[in-house]
Amino acid sequence: MYFRAGTVSALLLASTLPTALGQHVRDLGSEKWTLSGQALNQTVPAKFPSQAHLDLLNAGVIDDPYHGLNDFNLRWIAESNWTYTSDPIEGLLANYDSTWLVFDGLDTFATISLCGHSIASTDNQFRQYAFDVSEVLGDCDSNPVVSINFGSAPNIVDAIAQDPNSQKWPPGVQITYEYPNRWFMRKEQSDFGWDWGPAFSPAGPWKPAYIVQLEKTEDIYVLNTDLDIYRRGQINYLPPDQTQPWVVNASIDFLGYLPSNPSLSIEVTDIESGTVLTSRTLDNLTTSDTSITGLTVLDDLTPKLWWPRGMGNQTLYNVAITVKDTNNKNQSVAHVTKRTGFRTIFLNQRNITDSQRAQGIAPGANWHFEVNGHEFYAKGSNLIPPDCFWPRVTEERMTQLFNAVVAGNQNMLRVWSSGAYLPDFMYDLADEMGILLWSEFQFSDALYPSDDAFLANVAQEIVYNVRRVNHHPSLALWAGGNEIEVLMLLLVQLADPADYSYYVGEYEKMYISLFLPLVYENTRSISYSPSSTTNGYLSVDLSAPIPMAERYDNTTAGSYYADTDHYNYDAAVAFDYGSYPVGRFANEFGFHSMPSLQTWQQAVDPDDLSFNSSVIMLRNHHDPAGGLMTDNYANSSIGMGEMTMAVESYYPIPSKSDPVANFSAWCHATQIFQADMYKAQIQFYRRGSGMPERQLGSLYWQLEDIWQAPSWAGIEYGGRWKVLHHVAKDIYQPVIISPFWNYTTGLLDVYVTSDLWESASGSVNLTWLDLAGNPISDNAGTPTSADFAVGGLNTTKIYGTSVASLGFSDAENAVLLLSLQADGKVPNSEESTVFTHENYVTVAFPKDLDIGDPGLTVEFDDEEEEFVVQATDAVALYTWLDYPDGVVGYFEENAFVLAPGEEKRVGFVVQNDSTDGDWVDGVTVRSLWDQKVRD
Ligand code: BMA
């Protein structure tokens with residue numbers, strides 16, 4: 001109930017399971033499994049895929065790992081080895097030509113055996129592994145048992161680190177969160193702790209696995225598929241020519257033997273209409289023992305384009321790929337269907353051209369995305385792993401999260417390292433919803449080994465993942481890693497200046513000389529950047545040993561080159577525009593806040609619900625403990641102190657007599673500060689689209705939480721929106737009206753900013769009210785309305801004044817309400833749309849406003865299924881609708897300003913309800929006034 005139109009549900013996903021004749025594929029997930037370990041004197045039932053913590057939880061051996069300080073209490077799990085053992089598997093001993101064990105993901109240091117015979121050891125969570133077990137199976141005298149032992153990752157990397165021959169780095173460079181030495185493993189790096197998450201270091205078969213039996217010699221099993229769709233002549237680092245026809249290049253990685261005369265064909269179907277666009281055999285066939293590749297040019301065909309959300313439709317096609325045996329009546333020997341879309345996506349890092357200079361763009365280089373040849377403004381955030389335990393990340397949960405992304409007017413997420421490469425179903429959701437996924441290789445905030453074995457291992461990981469996800473139109477970029485260039489090289493320079501150039505060489509060896517060709521060889525459609533954040537490159541020369549020459553500090557004052565990140569925990573400058581970086585694209589920025597009371601209550605005992613309780617403090621991992629101590633209050637109090645200072649600097653200090661109410665008000669205050677700070681930055685960056693820096697992207701840190709704790713997230717664990725996600729939703733609308741109040745100079749400027757592609761025009765009403773809601777005489781000398789025209793991806797100033805020159809008796813107790821109406825066209829639409837946006841400014845910080853009780857009321861209108869909110873006595877600032885536990889969803893508008901007499905009707909989108917609708921009665925409303933009053 002109370003569902004609103006406009007949410008996107010998971011549409012039919014194309015079947016991606018490969019099929020072929022004559023083979024027998026058994027999903028190991030359908031066998032019975034147990035988990036055992038030396039730390040446990042019992043064996044418990046296990047799932048598959050799974051991780052040890054999850055099975056121990058299901059068996060009742062441990063409590064919820066997310067409760068209280070269980071992240072510390074459960075370290076014994078990470079520090080033990082665990083074995084997953086199947087029941088004897090029936091029906092495998094029949095006479096097949098070959099039998100394979102195929103693992104889509106083992107986390108991480110695994111030793112596999114089959115009926116007691118050792119098969120192999122693995123050491124990379126992100127690779128797919130296939131082992132020929134035909135011979136071993138032949139030696140099994142009864143139905144075989146598969147057994148997988150997972151070694152303790154913390155213990156194994158410690159042993160590697162202690163080996164005198166292992167690589168060492170200058171002291172003070174490597175960043176440790178909790179467990180040390182994470183750079184020696186190819187496992188999710190945040191499994192060892194991060195500044196927003198705990199360190200569980202889970203272990204187990206985290207992805208599906210199969211037993212594949214092939215019947216005869218000409219029989220193949222599809223391991224992986226690389227479908228690459230690009231414009232003829234397209235080269236990764238140059239803008240594609242949109243007049244060229246599409247090329248479809250399909251490549252299959254397989255087990256088994258190809259027929260001697262294979263052919264590869266595709267059938268392309270428009271999913272919506274069901275019509276077949278083309279059905280043809282591919283040319284330029286190349287084969288090897290493990291792959292078959294071919295391509296075709298769709299010369300006379302013009303498939304419908306796929307666009308990101310807000311820029312057009314997300315048209316999807318199925319491409320059915322078939323390998324046939326031409327010697328045997330063209331019989332199919334393998335068949336796989338990939339759902340895809342036709343689009344080009346290009347990260348433009350080329351030098352600013354003369355014609356761009358003539359438009360007023362400052363010199364330097366571009367740093368922005370172009371989709372189907374169009375520049376656009378990227379609006380979004382950074383995605384971290386949505387859970388410490390991937391096997392419990394369901395499609396349903398991710399649909400809920402991505403619906404919030406879409407509702408939040410975001411068109412791009414940065415899939416940050418180091419996390420994990422996302423599963424296909426998340427790219428599928430993004431394909432349907434039009435969310436671009438800037439994707440990264442899993443390397444972050446550390447220097448990594450550069451020996452041949454490590455690089456060879458990593459190369460396999462990269463090739464597998466680049467190929468696996470390449471068909472998704474939502475894939476926007478491959479980046480080498482997080483903050484390697486901007487932070488790690490800087491730390492090296494500080495710690496060991498004499499060896500700086502050596503470490504630059506190491507960086508280039510891995511992220512450029514190794515990774516760049518691996519990307520380019522496996523995709524023509526995706527750009528590559530060695531690091532996020534970066535100053536971009538000077539040139540690309542594919543025949544050079546280092547095929548991309550990075551710019552580093554080779555910069556000129558007054559020029560702009562790069563993407564920026566910005567973290568400043570000195571609250572004193574939080575709203576100082578001069579402290580924000582000016583660049584081409586903001587790929588990270590933020591400040592942490594507390595989750596809401598309701599979310600804390602899911603993880604913390606009632607006694608611990610106070611701002612500085614040990615449990616709350618020790619769940620705050622910013623600043624990180626930097627090791628395994630469980631009492632590092634010194635570091636955690638730094639982050640708690642930053643939040644406290646931020647609230648105290650700008651907002652009324654909560655002082656409620658009821659301790660839980662006071663805690664809740666404090667949590668809320670940190671969220672209001674966070675939202676205001678992000679809003680100030682997003683408006684600043686978006687305005688930059690019309691400034692010399694030609695700024696074309698804001699991705700804030702971070703979209704969502706991994707657990708219930710203080711962090712930079714806008715969406716709490718479980719799905720509740722913080723103030724931030726609502727405010728970002730508002731300020732990511734296409735046409736916005738933004739006040740820029742410079743509290744140092746006293747100047748107030750008002751800008752309209754638009755990320756539509758064509759110009760829009762309209763008017764803005766500007767209304768000064770005192771805080772009781774009365775109009776200010778003569779509107780304090782400010783015109784009551786202003787007409788404007790704003791260009792595509794541009795900004796225009798509609799008003800500027802010095803606050804001191806306004807006709808006020810008490811400017812510091814007034815609010816300027818801004819209300820915009822504009823006509824413009826959504827990209828790729830024929831008709832024009834009316835855009836509205838409201839905003840406001842006070843020229844004093846909230847703590848200094850003499851606000852009164854607005855007399856807020858909220859009622860539920862059953863018929864319209866809307867909450868009706870009114871302020872009766874005074875202006876309500878930060879009006880906040882809140883809902884009780886038991887339901888997940890979001891108000892369609894929140895954190896708004898309400899003038900007395902104004903009625904606001906707000907719907908609620910239910911994403912999950914376990915209260916049978918009763919939650920409606922628990923909805924409350926509060927505002928800044930409630931933050932200030934004692935009870
Ligand atoms: C950046 C990110 C993350 C981190 C965040 C907050 O460094 O890339 O590594 O979690 O800032 O500190």
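Data overview
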item	result
5 angstrom amide H check on ILE798, placed H, neighbours 5+ away	VAL750, TYR751, VAL752
Scattering profile of the stretch 23-212 at q = 0.11, 0.16 Å⁻¹ [log10 I(q)/I(0), Debye over alpha-carbon scatterers]	-0.53, -1.00
Pairwise Cα inverse-distance average, inverted: Kirkwood Rh of the stretch 217-282 (Å)	14.4
Estimated FRET transfer efficiency (TYR567, ALA634; beta-carbon r; R0 25 Å; 0.05)	0.80
Using distinct alpha-carbon pairs, which all enter the 1/r mean, Kirkwood radius of the stretch 411-528 in Å	15.0
Compactness index (Cα Rg / 2.2 N^0.38 Å), the stretch 102-247	1.45
Debye equation applied to the C-alpha atoms of the stretch 505-622, log10 I(q)/I(0) at 0.10 Å⁻¹	-0.57
Charge dipole of the stretch 75-196 about the Cα centre (unit charges at C-beta), most positive-ward option of VAL136, TRP76, ALA159	ALA159
Over the chain, volume per residue of the alpha carbon convex hull, in Å³	174
Built amide H within the under 5 Å cut-off of LEU223, gap 5+	ASP253, PHE254, LEU255
Solvent-accessible area, 1.4 Å probe, carbon plus sulfur percent, for the stretch 736-814	44
Residue-by-residue Karplus 3J(HN,Hα) for the stretch 592-601, coefficients 6.51, -1.76, 1.60, Hz, glycine and proline x	7, 8, 7, x, 6, 4, 4, 6, 4, 4
Cβ-placed point charges (K, R +1; D, E -1), dipole of the chain about Cα centre in debye, nearest 20	1960
Amide H within-cut-off set for ASN470, under 5 Å, with H built and near neighbours excluded	LEU227
Whole-number D in µm²/s for the stretch 626-723 (Stokes-Einstein; Kirkwood sum over Cα pairs; 20 °C, 1.002 mPa s)	137
Where only C-alpha atoms are counted, convex hull volume of the stretch 733-850 per residue in Å³	97
Accessible area per residue in Å² at 1.4 Å probe, computed on the stretch 608-737	23
Rotationally averaged projected area of the stretch 359-407 (alpha carbon convex hull; nm²)	6.1
Distribution of pairwise C-alpha distances over the stretch 562-731, 5 Å bins, in %	1, 9, 17, 20, 20, 14, 9, 5, 2, 1, 0
Selected from SER36, THR122, PRO198, residue furthest toward positive end of dipole (the stretch 23-212; charges at beta carbon)	PRO198
Relative contact order %, the chain, counting alpha carbon pairs below 8 Å whose residues are six or more apart	10
Summed residue charge, Cβ within 12 Å of PRO710's Cβ, Lys/Arg positive, Asp/Glu negative	-3
Accessible area of the stretch 778-853 divided out per residue, in Å², using a probe of 1.4 angstrom	47
Integer Hz, Karplus 6.51/-1.76/1.60 couplings in order for the stretch 221-229, x for Gly and Pro	10, 7, 8, 7, 9, 10, 10, 10, 10
Value at 222 nm in deg cm²/dmol, rounded to 500, when DSSP H runs of n ≥ 4 in the chain each add -39,500 (n - 2.57)	-5500 deg cm²/dmol
Over 24 Å (Cα to Cα) - which of LYS729/LYS825; LYS47/LYS216; LYS797/LYS932 fall in this group	LYS47/LYS216; LYS797/LYS932
Leading residue at positive end of dipole, the chain (Cβ point charges), from THR744, GLY922, TRP307	TRP307
Where labels lie 7 Å past Cα in the beta-carbon direction, separation of ASP873 and ASN612 in nm	3.3
Kirkwood hydrodynamic radius over Cα pairs of the stretch 333-454, then Stokes diffusion coefficient at 37 °C and 0.692 mPa s, in µm²/s	190
Accessible-area composition of the stretch 508-605, carbon plus sulfur, in percent [1.4 Å probe]	49
Antiparallel bridge percentage (DSSP; both residues within the chain; nearest 5)	85
Gyration tensor (Cα) of the stretch 856-932, equivalent ellipsoid semi-axes in angstrom	22, 13, 10
Cα centroid separation - the stretch 578-625 against the stretch 82-130, whole Å	41
In order through the stretch 503-515: 3J(HN,Hα) via Karplus (6.51 cos²θ - 1.76 cosθ + 1.60), integer Hz, x for Gly, Pro	6, 4, x, 4, 4, 5, 4, 7, 7, 10, 5, 8, 6
Accessible surface of the stretch 248-317 [probe 1.4 Å, protein heavy atoms]: carbon and sulfur percent	44
Distance in nm between pseudo-label sites at ASN155 and SER121 (7 Å out along the Cβ direction from Cα)	1.3
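The values are calculated or read from the model by the stated rules, or taken from the named source; none is laboratory data. In this text, all values refer to a predicted model and were calculated from it rather than measured experimentally. Note that each Cβ is placed from the backbone with ideal geometry, even for glycine, and that neighbours are counted across all protein chains shown. Remember, those area values only see protein heavy atoms, side chains included, never the ligands or the DNA or RNA. Shrake-Rupley method; radii C 1.70, N 1.55, O 1.52, S 1.80 Å.
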